[in-house]
1. All but one of (1) modelled with pLDDT under 95; (2) under 17 Å from the mean Cα position of the chain (by Cα); (3) farther than 20 Å from residue 316 by Cβ hold for residue 203; which doesn't?
2. Would you pick out the residues in region 235-262 that are within 20 Å of residue 187 (Cα to Cα), of a type in the set (Gly, Ala, Ser) and assigned to a helix (DSSP H, G or I)?
3. Given the criteria small (Gly, Ala, Ser) and over 18 Å from the mean Cα position of the chain (by Cα), does residue 136 qualify?
4. Taking the stated definitions as given, is residue 232 out of contact with any helix residue (DSSP H, G or I) (no Cβ under 9 Å at 6 or more places or on another chain) and assigned to a helix (DSSP H, G or I)?
5. Can you spot a residue in region 67-74 that is crowded, with 24+ Cβ neighbours inside 10 Å, in contact with a Gly (Cβ under 6 Å, 6 or more places away or on another chain) and within 20 Å of residue 189 (Cβ to Cβ)?
6. Are there any pairs with C-beta distances below 7 angstrom linking a residue in region 269-281 that is over 14 Å from residue 208 (Cβ atoms) to a residue that is surrounded by fewer than 19 Cβ atoms within 10 Å (Cβ to Cβ) and of a type in the set (Val, Ile, Thr), with the two at least 6 apart or on different chains, and if so which?
7. Check residue 103 against each of (1) part of a helix (DSSP H, G or I); (2) over 30 Å from residue 66 (Cβ atoms) and name the one condition it does not meet.
8. Restricting to region 126-154, name every residue that is farther than 30 Å from residue 65 by Cα and crowded, with 17+ Cβ neighbours inside 10 Å.
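The values are calculated or read from the model by the stated rules, or taken from the named source; none is laboratory data. The model shown is predicted, which means the values in this text are computed figures rather than measured ones. No Cβ is skipped: glycine too gets one built from the backbone with ideal geometry, and neighbour counts run over all protein chains shown.
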Amino acid sequence: MKIAEPDTVFIATPQKRSPEHRPRFALFDLGFRPFYLCGAAFGALSVTVWLLVLSGVPLFGGYLLRADPVAWHAHEMVFGFAAAIVAGFLLTAVRAWTGRDTAKGATLASLVLLWLAGRVLVWSGPALPAAIVDSAFLPVAAILLLRVLVEAGNRRNYFIAVVVFAFGALNAAFHAFAIDARPDLAMRAVCASAGIVVLLVGVIGGRVIPMFTANAMPGFIARRWRFVELMAAPLTIAAFVADAFALDGAIVAPIALLACGVHLARMIGWRSYAVRGRPILAILHLAYAWLPLGFALLALSALGWTRVPHSLAMHAFAAGAIGGAIIAMITRTARGHTGRPLVADTRDVACYALVMSAGALRVLGPLVAPSWHSTWVFAAGSCWVLAFGLYVAAYAAPLFKPRADGKPG
């Protein structure tokens, strides 16, 4: 899979504001603005609710939260939080790749309202309207992306729309299984959908991480092995598909170990061990490092290791890889596309540290001391809430305002 010109999404050189520039409301100028802000706020809110549920606080809803709190948590972290960030990222990226406007203004506002309506209905119900409205968000976003790609003749990125459609189909499947009282199949749909987000992290990260590293480190040359690059995406997909279909551990484990190997080989070629002193770059490598760890844990889980439950491997992907990649990208793109320097400030670094701590506490803590499981979960959740709450506090004002350099977007 090849992605055209991803660097244009993230790199923006600040310029002086033009004299005729006037402050105005800019939240719906480009997809990253409302979806990064709403997604981060929801990421903090939903984990806060989950911690309250685990604490025994009575919370009432008319659909998932009441019927199956675990399914609500899993669904909302993937199809609520992650889906919002993916939509915001791709709406911004496709504009950069094609030079054509993606959804903005009233169209973008309507898409955000559709996502928000899904969040409310998944909480409140009724079940069928919740399923219909929530399942519509990703297909509508895919259509908006595909329209721009087709108009621009950007064929090599059509697969992006296909991936988003598949993401949406898994959401619809989740609701169908949940309404049919099949929580086991519903959770498999969530796990498969997490694989789609991991696939995007692998594909896009594989392109931009070595490029950003080369830009930041004079003389750096990333090593790439053709076999590794060819196999990274297929093995990622294969491992998640085998896991989602609950194939025998003797099948899942070797595929997961091969996926672990190719992602680890990529990082060796990128010399990730040598990245230091540039937090906005280092967080990308740290987030990616959760991919080989996640696949190693998935293999151990498939082989029946009791100390490595399946949920632990899934949280390595969700809290570590996806959470890390998201905080890395929503700070970097928010800076670049609001005309600010691409240098992490103190608040950005705090966000990075908190998200990485959340992943380590949620995954490594139970491995070291399983009897303290609840303590690790609450500590991880608290770090997560603080990280994305801090992001909202730091970036709300810039995301509402026009670019500091006066450029569109």
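1. Here residue 203 clears every test but (3).
2. 238, 239, 242, 244, 249, 253, 256
3. Values: small (Gly, Ala, Ser): yes; over 18 Å from the mean Cα position of the chain (by Cα): yes.
Judged against the criteria, residue 136 is a match.
4. For residue 232, the condition - out of contact with any helix residue (DSSP H, G or I) (no Cβ under 9 Å at 6 or more places or on another chain) and assigned to a helix (DSSP H, G or I) - is not met.
5. No, region 67-74 contains no residue that is crowded, with 24+ Cβ neighbours inside 10 Å, in contact with a Gly (Cβ under 6 Å, 6 or more places away or on another chain) and within 20 Å of residue 189 (Cβ to Cβ).
6. Filtered contacts from region 269-281: 279/349.
7. (1)
8. Once the filter is applied, which keeps residues that are farther than 30 Å from residue 65 by Cα and crowded, with 17+ Cβ neighbours inside 10 Å, region 126-154 yields 144, 145, 146, 148, 149, 154.
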